[in-house]
Amino acid sequence: MQLLHRVRSKPALALSLVVVTAVLGVGLLFPVSQVLLTAFSPEGLDAVRALVGSSVNRGVVVNTVVLGLCVAAVGTALAFLFAFVQTRLDVPFKRVLHAIAIVPVVSPPFALATALVVLFGRNGVISQGVFGVPYDIYGLDGLTIALALSFFPVVYLTLVGMMRRLDPSLDEAATSLGAGRAKVFLTVTLPMLLPGLASGFLLLFVEAIADLANPLVLGGDFTVLSSRAYLAITGEYDVASGAVFSLSLMVPAVLVFLLQRYWIDRRKVFSVTGKPTGRPQVHRGPVAMTAYAAAVFVALLIVLVYATIVYGAFTAVPGVNNAFTLAHFDFVLFGIGSEAMVDTTVMAVVAAPLAGLLGVLIAYLVVRKLPRVGPLLDFVAMLGIAVPGTVLGIGFVLAFRSENLVAGVTVIPSLVGGAAVLGGSVGIVVVLLIRGMPAAVRAGVGSLHQIHPSIDEASASLGADDSTTFRRITLPLIRPALLAGLTFAIARSMTTLSPIVFLTTPDTKIMAAQILAEVDAGRFGNAFAYCCVLMAIVLVLIGLVRVAVRGRAVRPVRTLAVIAPTAPVLVGAEKE
């Protein structure tokens, strides 16, 4: 009742709640509910029995779990290795290693996979050309390498931040008690990193089992649930089986999301108890040098992969005919491929700002205006990234087909297929909005928790309403969160494929889908040219956003320091 009274008395709050509910309901909950309804329909239950009774389908489930575990283990190890080198070793070229490590963030999801095929495929430039070994990279090993290199930067950025915030006095205290460097690391440093390591492991597991592009390029005979669901929809036109495979994919992904959100996040370890004193212990010796050599080797592999992408874009047939050519760029920039470049950029420019602003608005409602229903709203918004892209794409196919008729009247306009509104671009923008919004929500929630509510109360006491306070007070203070959300939304909007591949039409082309089509056709040169152009567009858009947002930034630190009360100091480690 209190919520209804507040909503009625504040039109801006009511309008915000309606907009947020409509977007999440139409763009996320309705498609996911259609997947569930189809999976539990009579045809869906038959597909469930086929899934359980078929040894082939059970093998697909096992393959998916094994792939997730392998990628999570290797990716977490790589992330920890690079974070350890950055924070605990005194070695040269650390900034170069850092820059190389984060390059995969802005590249298409299967750019690495395509380059690995050229380098280490059956007729690979290195495997066959240098070593004379017809190595078959298709399958679990190739997928593990490609996915681990693609996804480990996100975990690396988290771990390097955690390790830099660790208070060196804890290591010094352990050392003063007689512990060696190895014992200090294993008994003091590593336990404090366990929440970050566990969170990163689960994140990589979800990303690996949800990925669609890499299994299509590198899977070979190693079929996983995402590629099986894709083939069921696009190849066999079996909607019920596609929904069941999607549900099989969504259940572990959402469970891992819940585990990460409500179990790991509660196992907090506090190591920052004030201004850090001392300097982190620097490791030396054979173990440290071995770690550095391993990081350099991985960095060189990443450089080799991206050099292959750039080199392949300027060669006639990469690995076969290395004659220099600009034909691939002519195709992408000025030929038939330019349509995909324009469509992708336009839709990303439309979807990314909406995702950033809506994410920040949801964070504002969760933290400031709706404390009772805020956790539920936050949970639903985060489902946008917890639900695998393949599931969301199939959900859109089920929810927004042209058959949505009641008494001969179209209730919901079609957003997929040949009769889709604006050639399917509306549906794609909605999907990009849903997938890009969670990062802005998390960044906004984190920033708002650092701003004392008394600032909003001061604005209200001066006569400002909620919309004025949000627009003129709150939004400028959380501008860094908006910048982070926009950056993530741009990168994801330009490179995402899993949900989009189900929504593209002849009238609307997406660069990621075009790259996959070029790889399937064996035109690796065009695919590499697409990758180069796509990465250049992402970097330019991110640069423009940072200039636009930072150029108008405010400096609220002094104000916050005066108004905010002193936070209680938490000493030692606490586990709940």
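Selection over the range 421-432 of residues that are surrounded by fewer than 24 Cβ atoms within 10 Å (Cβ to Cβ) and more than 21 Å from the chain's Cα centre (by Cα) gives a count of 5. Meeting the requirement of 3 or more residues that are within 30 Å of the chain's Cα centre (by Cα) and at pLDDT below 85, the helices (runs of 4 or more DSSP H) wholly within the range 128-215 are 140-165, 190-210.
Do we find a residue being under 16 Å from Phe528 (Cβ atoms) and at pLDDT 85 or above anywhere in the range 341-362? Yes, the conditions are met somewhere in the range 341-362.
Filter the range 433-449 for residues that are among the aliphatic types (A, V, I, L, M), in contact with a Lys or Arg (Cβ under 9 Å, 6 or more places away or on another chain) and open to solvent by less than 20 Å² (accessible area, probe 1.4 Å) and give the result. Reasoning before the result, please.
Keep residues of the range 433-449 that are among the aliphatic types (A, V, I, L, M), which gives 433-434, 437, 439-441, 443, 445, 448.
When the remaining residues are screened for being in contact with a Lys or Arg (Cβ under 9 Å, 6 or more places away or on another chain), the result is 439, 448.
Leu448 - this is the single residue of the range 433-449 that is among the aliphatic types (A, V, I, L, M), in contact with a Lys or Arg (Cβ under 9 Å, 6 or more places away or on another chain) and open to solvent by less than 20 Å² (accessible area, probe 1.4 Å).
With respect to the stated conditions, Asp330 is in a helix (DSSP H, G or I) and without any contact (Cβ under 8 Å) to a residue 12 or more places away in the chain.
This table checks each residue for (1) of a type in the set (Ser, Thr, Tyr); (2) modelled with pLDDT under 80; (3) closer than 20 Å to Pro506 by Cα; (4) assigned to a helix (DSSP H, G or I).
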residue	(1), (2), (3), (4)
Phe396	no, no, yes, yes
Arg401	no, yes, yes, no
Ser414	yes, yes, yes, no
Gly418	no, yes, yes, no
Val431	no, no, yes, yes
Ala439	no, yes, no, yes
Leu448	no, yes, no, yes
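Of all the residues in the range 294-308, those that are under 12 Å from Val118 (Cβ atoms) and of a type in the set (A, V, I, L, M) number 3. Which members of the range 348-378 meet the condition of being out of contact with any helix residue (DSSP H, G or I) (no Cβ under 8 Å at 6 or more places or on another chain) and assigned to a helix (DSSP H, G or I)? Matches in the range 348-378: Leu376 only. Counting just the residues of the range 339-368 that are surrounded by fewer than 23 Cβ atoms within 10 Å (Cβ to Cβ) and in contact with a Lys or Arg (Cβ under 8 Å, 6 or more places away or on another chain), which one comes out nearest to Ser246 (Cα to Cα)? Among those residues, the one meeting the criterion is Asp343.
Residues in the range 458-488 that are in contact with a Ser or Thr (Cβ under 6 Å, 6 or more places away or on another chain) and either of a type in the set (A, V, I, L, M) or touching a residue at least 24 places away in the same chain (Cβ under 8 Å) (or both): how many? Matching residues across the range 458-488 total 3.
Scanning the range 86-94 turns up no residue that is part of a helix (DSSP H, G or I) and either under 26 Å from Leu383 (Cβ atoms) or among the hydrophobic types (A, V, I, L, M, F, W, C) (or both).
Do we have Ala232 as touching a residue at least 24 places away in the same chain (Cβ under 8 Å) and either farther than 30 Å from Pro168 by Cα or crowded, with 24+ Cβ neighbours inside 10 Å (or both) here?
no
Counting only residues that are open to solvent by 50 Å² or more (accessible area, probe 1.4 Å), of a type in the set (A, V, I, L, M, F, W, C) and not in a helix (DSSP H, G or I), how many does the range 457-493 have? Final tally of qualifying residues: 1. The single condition from (1) more than 30 Å from Leu170 (Cβ to Cβ); (2) open to solvent by 40 Å² or more (accessible area, probe 1.4 Å) that Leu218 fails is (2). Among the residues that make up the range 162-170, is at least one of them under 22 Å from Val296 (Cβ atoms), open to solvent by less than 10 Å² (accessible area, probe 1.4 Å) and touching a residue at least 40 places away in the same chain (Cβ under 8 Å)? Yes - at least one qualifying residue is present in the range 162-170. Look at (1) out of contact with any His (no Cβ under 7 Å at 6 or more places or on another chain); (2) over 25 Å from Thr64 (Cβ atoms); (3) in contact (Cβ under 8 Å) with a residue 12 or more places away in the chain; (4) surrounded by fewer than 21 Cβ atoms within 10 Å (Cβ to Cβ) and you find that Gly139 fails only one, number (2).
Being of a type in the set (Gly, Ala, Ser) and part of a helix (DSSP H, G or I) is the filter here; which residues of the range 494-522 pass it? Ala512, Ala513, Ala517, listed by residue number.
A quick yes/no check of all residues on (1) at pLDDT 80 or above; (2) of a type in the set (Asp, Glu); (3) under 21 Å from Leu81 (Cβ atoms):
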position	(1), (2), (3)
Ala243	yes, no, no
Ile264	no, no, no
Phe270	no, no, no
Met289	yes, no, yes
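Filtering Gly335, Gly319, Gly312, Gly359 for residues that are out of contact with any Cys (no Cβ under 6 Å at 6 or more places or on another chain) and closer than 26 Å to Val430 by Cα leaves a single hit, Gly359.
So that you can scan it fast, the table gives a plain yes or no per residue for (1) assigned to a helix (DSSP H, G or I); (2) under 25 Å from Ala253 (Cβ atoms):
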{"position": "Thr64", "(1), (2)": "yes, yes"}
{"position": "Ala83", "(1), (2)": "yes, no"}
{"position": "Val96", "(1), (2)": "yes, no"}
{"position": "Leu119", "(1), (2)": "yes, no"}
{"position": "Arg122", "(1), (2)": "no, no"}
{"position": "Val125", "(1), (2)": "no, no"}
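The values are calculated or read from the model by the stated rules, or taken from the named source; none is laboratory data. Everything numeric in this text was worked out from a predicted model, so none of it was measured. For neighbour counting, all protein chains shown are included, and Cβ atoms are generated from backbone atoms with ideal geometry for every residue, glycine included. Accessible surface areas use protein heavy atoms only, side chains included; no ligands, DNA or RNA. Shrake-Rupley method; radii C 1.70, N 1.55, O 1.52, S 1.80 Å.
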